[in-house]
Each structure stands twice: as structure tokens, then as C-alpha cells.
Amino acid sequence: MVPLSVLETEGFDLEAVMVSGLLPPHFLSPDPVEDLRAYVADYLKEEIAAEALTRNIPAFAEFLKVASLTSGALLNYVNVARETGVSHKVVRTYFDILEDTYLGFRVPSWKKSRKRRLIETEKFYLFDVGVMTYLSRQAPRIGSPGFGTAFEHYILMELRAFQAYTAPDLEITYWRTAGGFEVDFILGDKELALEVKGSKRTHKGDERGLRALKEDGPVKHAVIVSLEETPRRLDSGIEVVPWRMFIDRLWGRDFL
């Protein structure tokens, strides 16, 4: 199960979606925050307590909040355990529960490199951006500190919807080197390398990770997706593509 794609909606408001997410009842709701509150309560009651997946429901509820704040970051069981008040072994079990109940998923690292030492730790995301922002008590607006994280999360949801409906064997990974270079997402065998920026203007430094990845071997399409209004191609060959145009091109199979 994946949330809706923008192509399945009408009246799509990017800022509003950061709050509501794209589960149909929440996206269409006049009060998505209240519906998300009920959704999380039902999840804890029906999925966790009723199925006896863990006995310590308060600790798991606290873990959900911490997991939402670290959604999209490298998995660090020790740090999450410290914030949650349980052992790192229990936290590892909790993350497995999220995955088993389809509330979250792991994104593995790209492990092939010719020149660089890579970070191989997985990342973890909650499955819907609205669930993530509700649990983390955020309401991201364009220009706010949390918007970039939420926007990256939303773009990943579109990638996963595309994967689920058109290319179930397509691998989605991320790339990060020990030296600090990073690319948000890689699709397939570097058919598409994607950097996500929740800003209205990209800057020279935004190319850094994609440039390093291209130096490490061929990349078919290197793209920065952002809130810019007009597409352009940089001297490095990297494309800057407005987010809605990117999604149309993704589903039109321009990149794959």
C-alpha cells in the first residue's frame, strides 16, 4: 500500500499536503490533524495492543514520536533508545514492528563505488508524510526549517508510488560517502540520481553530491528537484527540474 500520487488528486496544495499527507481520508478531510490523531490512536490500539506486538504501549508511543523526528536520517538505534528510554535491542524490534505493520520502511544505501568509502547504514522513513509531520508536531511551510525534510519525504512517496505501480523490481537507494558527499535517492543502476531541495532557488553547493557521484561513475540522469518554476541545465550537465514537472516526467518514464 502506498499513499496517493499527485496525479491521482485534484486541488493539490503542496504546503497542505505536508500536514495532511496523502492517505485518501486525510487528504480529503476538512480536519486532517484530528483524523491523523485518530489514525495513530487506532494504530496503537488495533495493530499494536490488540496483536500483542509489544507489552509496553507507552514506550512504543514515545518511540513513534522519536522515530518521526529521525525519519529520513541514518538509522541509529542507540540514539533513538536514549530518547525513548528503552534498550537499543528493543528499539530495533520497534523498527521491525513499524515495517511489519507497513507504517515505515527502510531505504538501503548504494554500495557500489569505484573511488570512495561509503556509508552503508540504512535510512528509515514513515510511510506517509502526514503521519510523519503529525507525530513530530510539525506543520511545515515553505521556507520553514522543517519544510525541506518534509518535501524530501513527499518526493520519496512519489518515487515509491511509481515503483509500486510501474516497476516493482526497481531499487531505490541513497548514496553517502565517509567524506560527507550525499545524494538523496538513486533509482536502479544510477538511471536516475536525485537531489531534493525544498527551496525556490538552487545554489552551487546543491550540486555537490551529484557532482561527486558522477565523478565516481556514469549517471544517466542527474537531477535536482526543487521549487524553482523553470527547468534549466547546469554547466555540469545536472538538470534542475520543478517538482511538478519532475513528477510528470517520472510517470512519463522520461528517466527510466
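The values are calculated or read from the model by the stated rules, or taken from the named source; none is laboratory data. Please read these numbers as outputs of a predicted model, since none were measured by experiment. Glycine gets a Cβ as well: all are built from the backbone with ideal geometry, and neighbour counts include every protein chain shown.
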Given the options G205, G180, G209, name the one that is loosely packed, with under 13 Cβ neighbours inside 10 Å, of a type outside the set (A, V, I, L, M, F, W, C) and either within 15 Å of the chain's Cα centre (by Cα) or outside any loop (DSSP other than H, G, I, E, B) (or both). G205
Residues being in contact with a helix residue (DSSP H, G or I) (Cβ under 8 Å, 6 or more places away or on another chain), free of Cβ contacts under 8 Å to residues at least 40 places away in the same chain and crowded, with 17+ Cβ neighbours inside 10 Å - total across segment 229-245: 2
For segment 22-39, enumerate the residues that are farther than 22 Å from F147 by Cβ and either among the small types (G, A, S) or in contact with a Leu (Cβ under 8 Å, 6 or more places away or on another chain) (or both). P24, A38, Y39
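Take residues that are over 26 Å from E8 (Cβ atoms) and touching a residue at least 60 places away in the same chain (Cβ under 8 Å) and tell me which of the helices (runs of 4 or more DSSP H) falling wholly in segment 23-139 contain 2 or more.
Details: elements: 24-27, 32-42, 57-69, 77-84, 88-100, 129-135.
Qualifying helices (runs of 4 or more DSSP H): 57-69.
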Identify the residue in segment 1-21 that is closer than 18 Å to G146 by Cα and not charged (D, E, K, R) and, among all such residues, is surrounded by the most Cβ atoms within 10 Å (Cβ to Cβ). G21
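Here's the yes/no breakdown for (1) touching an Asp or Glu at 6+ places or on another chain (Cβ under 8 Å); (2) more than 27 Å from E152 (Cβ to Cβ):
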site: P3; (1), (2): yes, no
site: A16; (1), (2): no, no
site: L22; (1), (2): yes, no
site: P32; (1), (2): no, no
site: V40; (1), (2): no, no
site: E47; (1), (2): no, no
site: L53; (1), (2): yes, yes
site: I57; (1), (2): no, yes
Could you identify the single residue in S199, S226 that is in contact with a Leu (Cβ under 7 Å, 6 or more places away or on another chain) and surrounded by 15 or more Cβ atoms within 10 Å (Cβ to Cβ)? S199
Within segment 36-64, the residues that are loosely packed, with under 15 Cβ neighbours inside 10 Å and of a type in the set (D, E, K, R) are R37, D42, K45, E46, E51, R55
Only residues that are assigned to a helix (DSSP H, G or I) and either modelled with pLDDT under 95 or of a type in the set (K, R) (or both): list them for segment 213-240, please. K214, E215
Is one or more of the residues making up segment 107-122 in contact with a helix residue (DSSP H, G or I) (Cβ under 7 Å, 6 or more places away or on another chain) and of a type outside the set (S, T, Y)? no
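Yes/no matrix, rows are residues, columns are (1) of a type in the set (F, W, Y); (2) more than 15 Å from the chain's Cα centre (by Cα):
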{"residue": "L4", "(1), (2)": "no, no"}
{"residue": "E8", "(1), (2)": "no, yes"}
{"residue": "G21", "(1), (2)": "no, no"}
{"residue": "F27", "(1), (2)": "yes, yes"}
{"residue": "P30", "(1), (2)": "no, yes"}
{"residue": "D42", "(1), (2)": "no, yes"}
